[in-house]
Amino acid sequence: MKIASWNVNSLNVRLPHLEQWLAEFGPDVVGIQETKLEDHKFPDAALAAAGYRSVFAGQKTYNGVALLARGAIEDVQIGIPGFEDEQKRVIAGTIGDVRVINLYVVNGQDVGTDKYGYKLRWLEAVREWIKAELAVYPQLVVLGDFNIAPDARDVHDPEVWNETHILTSAAEREALQALLGLGLHDAFRLHNEEAGVFSWWDYRMAAFRRNLGLRIDLTLVSDALKPRVTAAGIDRAPRKLERPSDHAPAWVEIA
DNA sequence: ATGGTGGGGGACCCA
């Protein structure tokens with residue numbers, strides 16, 4: 001089964017791209033971020049017509065997450081239990097024998113800002129929750145827009161994107177490592193060692209054409225799922241379309 | 001590293 005993560009940067013604008021990509025790529029499960037839609041505006045009928053059930057947690061203007069699957073989505077959890085947060089950034093569900101947690105991690109703006117503090121607190125809360133989830137659901141995928149580039153291979157210019165920069169700062173990378181320390185693995189790195197494979201490119205400065213990007217969209221798999229991973233990658237095709245999202249889908253294939 | 005772009009919503013906020 002193919003499981004993917006895509007930050008669509010407004011599902012209202014990107015629904016045609018999503019429909020096209022579902023038809024062409026054929027994922028079994030998709031975690032969507034930045035839907036920017038209130039729940040009553042979610043296009044569940046259009047997605048059902050495309051063959052996907054959906055569960056979602058959205059709000060006006062910002063954030064918003066959803067899970068799509070060809071099969072039933074059970075035991076749906078919205079938000080981090082016990083962590084008060086008005087921002088819709090988390091949705092989890094079980095599809096078959098796999099638990100999928102979809103995260104839209106806080107961006108954090110700049111190191112040292114209030115938003116950066118919120119990002120680190122949020123990451124701590126999500127780690128505590130995922131630790132508990134792993135105990136219940138050993139076959140776990142944690143995917144999403146992590147807003148953290150794991151290491152120097154995942155940024156176009158490591159001198160700019162260094163230990164003091166947002167998305168690559170020491171504390172952010174430590175938080176990601178702490179998450180991986182629970183028994184999760186960056187699926188992309190199970191099968192790809194190369195540098196310069198990115199999932200996000202700034203809209204400005206013709207960044208996509210010049211491949212000035214970051215790999216911040218990740219699919220993490222648990223110890224129990226790791227031996228079932230047959231491939232992982234990033235599908236750049238939707239980023240080439242007219243009026244694209246600034247992110248491309250990251251995917252993992254599980255046998 | 002910015003802000004040259006983009007989304008939302010209707011002036012700025014967020015990324």
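Within the stretch A:80-94, the set of residues being open to solvent by less than 20 Å² (accessible area, probe 1.4 Å) and away from DNA strand B (no atom under 16 Å from the Cβ) comprises A:Ile80, A:Ile91, A:Ala92, A:Gly93, A:Thr94. Taking the numbered list (1) in contact (Cβ under 8 Å) with a residue 40 or more places away in the chain; (2) in contact with a Leu (Cβ under 6 Å, 6 or more places away or on another chain); (3) assigned to a loop (DSSP other than H, G, I, E, B); (4) β-branched (Val, Ile, Thr) in turn, A:Val30 passes all entries but (3). Might you let me know whether the stretch A:113-130 holds any residue that is within 16 Å of DNA strand B (Cβ to nearest atom), assigned to a loop (DSSP other than H, G, I, E, B) and among the β-branched types (Val, Ile, Thr)? For the stretch A:113-130, residues within 16 Å of DNA strand B (Cβ to nearest atom), assigned to a loop (DSSP other than H, G, I, E, B) and among the β-branched types (Val, Ile, Thr): present. Taken as a whole, the condition of being touching a helix residue (DSSP H, G or I) at 6+ places or on another chain (Cβ under 8 Å) and farther than 30 Å from A:Asp110 by Cβ does not apply to A:Val197.
For the stretch A:97-119, filtered to residues that are of a type in the set (D, E, K, R) and open to solvent by less than 40 Å² (accessible area, probe 1.4 Å), the residue that is farthest from A:Ala187 (Cα to Cα) is A:Lys119. Among the residues of the stretch A:79-106, those identified as within 16 Å of A:Gln59 (Cβ to Cβ) and part of a loop (DSSP other than H, G, I, E, B) are A:Gly79, A:Ile80, A:Glu84, A:Asp85, A:Glu86, A:Gln87, A:Lys88, A:Arg89, A:Val106. The listed residues are A:Leu67, A:Leu47, A:Leu103, and the only one of them that is modelled with pLDDT of 95 or more, more than 15 Å from the chain's Cα centre (by Cα) and more than 10 Å from DNA strand B (Cβ to nearest atom) turns out to be A:Leu47. The set of residues from the stretch A:151-184 being surrounded by 14 or more Cβ atoms within 10 Å (Cβ to Cβ), away from DNA strand B (no atom under 16 Å from the Cβ), of a type outside the set (A, V, I, L, M, F, W, C) and part of a loop (DSSP other than H, G, I, E, B) comprises A:Asp151, A:Gly183. Only one of the listed residues (A:Ala187, A:Ala248, A:Ala231, A:Ala224) is in contact with an Asp or Glu (Cβ under 8 Å, 6 or more places away or on another chain), open to solvent by less than 50 Å² (accessible area, probe 1.4 Å), aliphatic (A, V, I, L, M) and away from DNA strand B (no atom under 16 Å from the Cβ). That residue is A:Ala231.
Number of residues in the stretch A:18-27 that are of a type outside the set (A, V, I, L, M, F, W, C) and either surrounded by fewer than 12 Cβ atoms within 10 Å (Cβ to Cβ) or under 17 Å from the mean Cα position of the chain (by Cα) (or both): the value is 3.
When we screen A:Gln33, A:Gln20 for residues that are of a type outside the set (Ser, Thr, Tyr) and within 11 Å of DNA strand B (Cβ to nearest atom), the only hit is A:Gln33. Confirm whether A:Gly108 is under 23 Å from A:Ile216 (Cα atoms) and either touching a His at 6+ places or on another chain (Cβ under 7 Å) or at pLDDT 95 or above (or both). Spelling it out, A:Gly108 is indeed under 23 Å from A:Ile216 (Cα atoms) and either touching a His at 6+ places or on another chain (Cβ under 7 Å) or at pLDDT 95 or above (or both). For the stretch A:57-76, a residue qualifies if it is over 17 Å from A:Leu123 (Cα atoms) and either polar (S, T, N, Q) or open to solvent by less than 50 Å² (accessible area, probe 1.4 Å) (or both), and the qualifying residues are A:Ala57, A:Gly58, A:Gln59, A:Thr61, A:Gly64, A:Ala66, A:Leu67, A:Leu68, A:Ala69, A:Gly71, A:Ala72, A:Ile73.
The values are calculated or read from the model by the stated rules, or taken from the named source; none is laboratory data. From a predicted model like this one, the values you see are computed outputs, not experimental measurements. FYI the Cβ positions are ideal-geometry reconstructions off the backbone, even for glycines, and counts take in every protein chain you see. Ligands, DNA and RNA are excluded from the accessible area calculation, which covers all protein heavy atoms including side chains. Shrake-Rupley method; radii C 1.70, N 1.55, O 1.52, S 1.80 Å.
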